[in-house]
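Below is one structure, written out as C-alpha coordinates; the observations come after it.
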Amino acid sequence: SINAYILLNKYETASSYLTRFAQLMRQILDNSARETINLEDEVSFLESYLQAESMRMEEKLEYEIEVDEQIDQFETEIPSMILQPFVENAVWHGIAPKKSKGKITIRMQSQNNELLIRIEDDGIGREKAATLRQARTGSHTSKGLALTKERLTLFDQKHGTQSRVETIDLFDTSGEPAGTRVDIRVRRPAA
(Lines give C-alpha, C1' and ligand atoms only; values in the text may rest on other atoms or scores of the structure.)
Protein backbone atom coordinates (compact mmCIF):
# COMPACT_ATOMS: atom_id res chain seq x y z
CA SER A 1 0.00 0.00 0.00
CA ILE A 2 2.77 2.43 0.90
CA ASN A 3 4.58 1.67 -2.35
CA ALA A 4 1.37 2.22 -4.34
CA TYR A 5 0.86 5.64 -2.73
CA ILE A 6 4.45 6.61 -3.59
CA LEU A 7 4.08 5.44 -7.20
CA LEU A 8 0.89 7.50 -7.48
CA ASN A 9 2.73 10.56 -6.10
CA LYS A 10 0.55 10.55 -2.99
CA TYR A 11 3.49 11.26 -0.70
CA GLU A 12 1.45 12.75 2.14
CA THR A 13 -0.83 9.71 2.22
CA ALA A 14 2.19 7.37 2.04
CA SER A 15 3.82 9.22 4.92
CA SER A 16 0.64 9.08 7.01
CA TYR A 17 0.21 5.36 6.32
CA LEU A 18 3.87 4.68 7.12
CA THR A 19 3.50 6.51 10.44
CA ARG A 20 0.41 4.45 11.32
CA PHE A 21 2.16 1.26 10.23
CA ALA A 22 5.22 2.04 12.39
CA GLN A 23 2.97 2.76 15.40
CA LEU A 24 1.15 -0.53 14.82
CA MET A 25 4.43 -2.48 14.59
CA ARG A 26 5.62 -0.91 17.86
CA GLN A 27 2.37 -1.94 19.56
CA ILE A 28 2.69 -5.49 18.18
CA LEU A 29 6.24 -5.79 19.50
CA ASP A 30 5.25 -4.40 22.91
CA ASN A 31 2.12 -6.53 23.20
CA SER A 32 3.68 -9.79 21.99
CA ALA A 33 6.23 -9.61 24.81
CA ARG A 34 3.40 -9.59 27.38
CA GLU A 35 1.38 -12.60 28.50
CA THR A 36 -1.68 -10.48 29.24
CA ILE A 37 -2.89 -7.05 28.22
CA ASN A 38 -5.51 -4.81 29.75
CA LEU A 39 -8.56 -3.92 27.68
CA GLU A 40 -7.52 -0.28 27.47
CA ASP A 41 -4.31 -1.22 25.67
CA GLU A 42 -6.09 -3.86 23.57
CA VAL A 43 -8.70 -1.34 22.40
CA SER A 44 -5.91 1.12 21.53
CA PHE A 45 -4.12 -1.59 19.55
CA LEU A 46 -7.29 -2.64 17.70
CA GLU A 47 -8.00 1.03 16.89
CA SER A 48 -4.52 1.38 15.38
CA TYR A 49 -4.88 -1.86 13.43
CA LEU A 50 -8.31 -0.99 12.06
CA GLN A 51 -7.26 2.58 11.18
CA ALA A 52 -4.34 1.19 9.15
CA GLU A 53 -6.57 -1.38 7.43
CA SER A 54 -9.23 1.26 6.70
CA MET A 55 -6.60 3.49 5.15
CA ARG A 56 -5.19 0.59 3.13
CA MET A 57 -8.67 -0.22 1.87
CA GLU A 58 -9.21 3.44 0.97
CA GLU A 59 -11.98 3.98 3.53
CA LYS A 60 -13.98 0.93 2.33
CA LEU A 61 -13.86 -0.35 5.92
CA GLU A 62 -15.87 1.17 8.75
CA TYR A 63 -15.47 -0.05 12.30
CA GLU A 64 -16.82 0.51 15.77
CA ILE A 65 -15.47 -0.61 19.14
CA GLU A 66 -17.83 -0.55 22.13
CA VAL A 67 -16.81 -1.38 25.69
CA ASP A 68 -19.49 -1.82 28.36
CA GLU A 69 -19.27 0.97 30.97
CA GLN A 70 -19.32 -1.68 33.73
CA ILE A 71 -15.94 -2.99 32.60
CA ASP A 72 -12.83 -1.48 34.17
CA GLN A 73 -10.66 -1.41 31.04
CA PHE A 74 -7.47 -0.81 33.01
CA GLU A 75 -8.03 -3.71 35.45
CA THR A 76 -9.51 -6.29 33.04
CA GLU A 77 -6.76 -8.44 31.53
CA ILE A 78 -6.96 -10.80 28.57
CA PRO A 79 -4.27 -12.81 26.77
CA SER A 80 -2.25 -10.53 24.51
CA MET A 81 -2.61 -10.81 20.73
CA ILE A 82 -5.77 -12.96 20.99
CA LEU A 83 -8.33 -10.67 19.33
CA GLN A 84 -6.32 -9.36 16.39
CA PRO A 85 -6.32 -12.63 14.36
CA PHE A 86 -10.14 -12.76 14.52
CA VAL A 87 -10.40 -9.09 13.51
CA GLU A 88 -7.86 -9.66 10.71
CA ASN A 89 -9.96 -12.55 9.41
CA ALA A 90 -13.01 -10.29 9.35
CA VAL A 91 -11.07 -7.63 7.40
CA TRP A 92 -9.29 -9.86 4.90
CA HIS A 93 -11.87 -12.58 4.30
CA GLY A 94 -15.13 -10.82 5.10
CA ILE A 95 -14.84 -7.16 4.11
CA ALA A 96 -11.95 -6.99 1.58
CA PRO A 97 -13.61 -9.20 -1.08
CA LYS A 98 -16.93 -7.36 -0.67
CA LYS A 99 -17.79 -5.01 -3.53
CA SER A 100 -19.42 -2.39 -1.27
CA LYS A 101 -18.31 -0.74 1.96
CA GLY A 102 -18.20 -3.04 4.97
CA LYS A 103 -18.29 -2.70 8.74
CA ILE A 104 -16.73 -4.50 11.66
CA THR A 105 -18.19 -4.07 15.13
CA ILE A 106 -16.34 -5.16 18.26
CA ARG A 107 -18.33 -5.22 21.51
CA MET A 108 -17.01 -6.08 24.95
CA GLN A 109 -19.52 -6.86 27.67
CA SER A 110 -19.50 -8.23 31.17
CA GLN A 111 -22.04 -11.02 31.75
CA ASN A 112 -22.25 -13.11 34.92
CA ASN A 113 -18.54 -13.16 35.79
CA GLU A 114 -17.76 -13.62 32.11
CA LEU A 115 -16.19 -11.29 29.57
CA LEU A 116 -17.91 -11.52 26.20
CA ILE A 117 -16.03 -10.13 23.23
CA ARG A 118 -18.11 -10.12 20.05
CA ILE A 119 -16.48 -9.44 16.67
CA GLU A 120 -19.06 -9.06 13.92
CA ASP A 121 -18.66 -8.19 10.26
CA ASP A 122 -21.14 -7.65 7.45
CA GLY A 123 -18.84 -9.29 4.92
CA ILE A 124 -19.31 -12.03 2.34
CA GLY A 125 -19.57 -14.90 4.83
CA ARG A 126 -17.32 -17.84 5.57
CA GLU A 127 -18.52 -20.14 2.79
CA LYS A 128 -17.90 -17.64 0.00
CA ALA A 129 -14.61 -16.55 1.60
CA ALA A 130 -13.44 -20.18 1.73
CA THR A 131 -14.33 -20.65 -1.95
CA LEU A 132 -12.37 -17.52 -2.91
CA ARG A 133 -9.41 -18.52 -0.73
CA GLN A 134 -9.37 -22.03 -2.23
CA ALA A 135 -9.35 -20.58 -5.76
CA ARG A 136 -6.47 -18.24 -4.85
CA THR A 137 -4.23 -20.48 -2.77
CA GLY A 138 -5.17 -24.05 -3.61
CA SER A 139 -4.89 -26.32 -0.60
CA HIS A 140 -3.30 -23.79 1.79
CA THR A 141 -4.72 -24.06 5.29
CA SER A 142 -4.38 -21.13 7.66
CA LYS A 143 -3.01 -21.96 11.07
CA GLY A 144 -3.50 -18.52 12.67
CA LEU A 145 -6.89 -19.08 14.30
CA ALA A 146 -6.02 -22.60 15.45
CA LEU A 147 -2.85 -21.29 17.11
CA THR A 148 -4.82 -18.45 18.71
CA LYS A 149 -7.36 -20.89 20.15
CA GLU A 150 -4.49 -23.04 21.43
CA ARG A 151 -2.96 -20.00 23.17
CA LEU A 152 -6.33 -19.30 24.77
CA THR A 153 -6.46 -22.89 26.06
CA LEU A 154 -2.97 -22.55 27.57
CA PHE A 155 -4.01 -19.25 29.17
CA ASP A 156 -7.05 -20.97 30.72
CA GLN A 157 -4.92 -23.78 32.13
CA LYS A 158 -2.48 -21.32 33.70
CA HIS A 159 -5.03 -18.84 35.08
CA GLY A 160 -7.96 -21.11 35.93
CA THR A 161 -10.25 -19.37 33.45
CA GLN A 162 -12.66 -21.02 31.04
CA SER A 163 -12.72 -19.64 27.51
CA ARG A 164 -14.86 -20.50 24.54
CA VAL A 165 -14.79 -19.33 20.94
CA GLU A 166 -17.91 -19.67 18.83
CA THR A 167 -18.17 -18.66 15.17
CA ILE A 168 -21.64 -17.95 13.81
CA ASP A 169 -22.60 -17.43 10.17
CA LEU A 170 -25.00 -14.51 9.70
CA PHE A 171 -27.74 -14.42 7.06
CA ASP A 172 -30.10 -11.73 5.81
CA THR A 173 -33.89 -12.14 5.69
CA SER A 174 -33.70 -13.90 2.31
CA GLY A 175 -31.18 -16.46 3.60
CA GLU A 176 -28.15 -14.94 1.85
CA PRO A 177 -24.81 -14.72 3.72
CA ALA A 178 -24.60 -11.41 5.62
CA GLY A 179 -21.33 -11.75 7.52
CA THR A 180 -19.80 -13.58 10.42
CA ARG A 181 -19.86 -13.20 14.20
CA VAL A 182 -17.21 -14.53 16.56
CA ASP A 183 -18.02 -14.69 20.27
CA ILE A 184 -15.05 -15.05 22.57
CA ARG A 185 -16.04 -15.73 26.16
CA VAL A 186 -13.58 -15.70 29.05
CA ARG A 187 -15.08 -16.84 32.35
CA ARG A 188 -13.18 -15.59 35.32
CA PRO A 189 -12.77 -17.93 38.30
CA ALA A 190 -15.36 -17.45 41.06
CA ALA A 191 -14.03 -15.32 43.90
Checklist entry - Taking residue 101 as the anchor, which aspartates and glutamates have their alpha carbon closer than 15 Å to its alpha carbon, excluding any fewer than eight residues away along the same chain? => result 53, 58, 59, 62, 64, 120, 121, 122
Checklist entry - What Kirkwood hydrodynamic radius, in Å, does region 64-168 give when the mean of 1/r is taken over all pairs of distinct Cα atoms and then inverted? => result 15.4 Å
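Using DSSP to call loops (not H, G, I, E or B), can you name the chymotrypsin sites (Phe, Trp or Tyr not before Pro) in region 32-113 whose Cβ has at most 10 other Cβ atoms within 10 angstrom?
Numbers: sites: 45, 49, 63, 74, 86, 92; in loops: 74.
Passing sites in region 32-113 are 74.
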Next on the checklist: Just to check I understand the Karplus step: with θ = phi - 60° and J = 6.51 cos²θ - 1.76 cosθ + 1.60, what whole-Hz values come out for region 55-68, glycine and proline as x?
Outcome noted: 5, 4, 8, 6, 6, 6, 9, 10, 8, 8, 10, 10, 10, 3
Next on the checklist: Compute the distance from the alpha-carbon center of region 20-46 to that of region 109-126, in whole Å.
Outcome noted: 20 Å
Checklist entry - Calculated from DSSP H runs of 4 or more alone, at -39500 (n - 2.57) each and per residue, what is the 222 nm mean residue ellipticity of the chain, nearest 500? => result -13500 deg cm²/dmol
Checklist outcome for this item: Per residue, accessible area of the chain with a 1.4 Å probe, heavy atoms of protein chains only, in Å², comes to 58 Å²
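What is the magnitude of the charge dipole of the chain about its Cα centre, with +1 placed on the Cβ of each Lys and Arg, -1 on the Cβ of each Asp and Glu, and no other charges, expressed in debye to the nearest 20? List each step's numbers first, then the result.
Numbers: 25 positive and 31 negative charges, 185 e Å.
Here the size comes out at about 880 debye.
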Checklist entry - Taking only Cα atoms, what is the 0 to 90° angle, nearest 10, from helix 11-32's long axis to the longest principal axis of the chain? => result 20 degrees
Item to check | Label-point separation in nm, residue 51 to residue 109, each point 7 Å along Cα→Cβ | outcome: 2.8 nm
Checklist outcome for this item: For region 132-181, the Kirkwood Rh over every pair of distinct alpha carbons, in Å, works out to 13.8 Å
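How much of the accessible area of the chain, probe 1.4 Å, is carbon plus sulfur, in whole percent? Intermediate values should be presented prior to the final figure.
Working: 5450 of 11090 Å².
Percent of accessible area from carbon and sulfur atoms in the chain: 49.
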Item to check | C-alpha long axis of helix 126-137 to longest principal axis of the chain, angle in ° | outcome: 50 degrees
Checklist entry - List the trypsin sites (Lys or Arg not before Pro) in region 19-94 that DSSP assigns to loop (not H, G, I, E or B) and whose Cβ has at most 14 other Cβ atoms within 10 Å. Which are they? => result 34
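If exposed means no more than 14 neighbouring beta carbons inside 10 Å and the site is in a DSSP loop, what's the longest run of the chain without any exposed GluC sites (Glu not before Pro)?
Working: sites that count: 35, 58, 59, 69, 75.
The longest such stretch corresponds to 76-191.
Just flag the trypsin sites (Lys or Arg not before Pro) in region 75-150 sitting in loop per DSSP whose Cβ has no more than 15 other Cβ atoms within 10 Å. Before the final figure, lay out each step's value.
On the way: sites: 98, 99, 101, 103, 107, 118, 126, 128, 133, 136, 143, 149; in loops: 98, 99, 101, 143.
Answer in residue order: 99, 101, 143.
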Checklist entry - What is the dipole size for region 97-191, taken about its Cα centre, with +1 at each Lys and Arg Cβ and -1 at each Asp and Glu Cβ, in debye to the nearest 20? => result 360 debye
Checklist entry - When we measure straight from the Cα of residue 99, which lysines land under 22 angstrom away, once same-chain ones fewer than 8 places off are left out? => result 60, 128
Checklist entry - So what are the chain's ellipsoid semi-axes, whole angstrom, largest first, if each one is the square root of 5 times an eigenvalue of the alpha-carbon gyration tensor? => result 28, 22, 16
Checklist entry - Relative contact order, percent, of region 91-191 when contacts are C-alpha pairs under 8 Å separated by at least 6 residues? => result 32 percent
Checklist entry - For 57, 108, what's the largest-to-smallest order of accessible area, 1.4 Å probe? => result 57, 108
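The values are calculated or read from the model by the stated rules, or taken from the named source; none is laboratory data. In this text, all values refer to a predicted model and were calculated from it rather than measured experimentally. In this analysis, Cβ positions are derived from the backbone assuming ideal geometry, glycine residues included, and neighbour counts consider all displayed protein chains. Just so you know, the surface numbers come from the protein's heavy atoms only, side chains and all, with ligands and any DNA or RNA stripped out. Shrake-Rupley method; radii C 1.70, N 1.55, O 1.52, S 1.80 Å.
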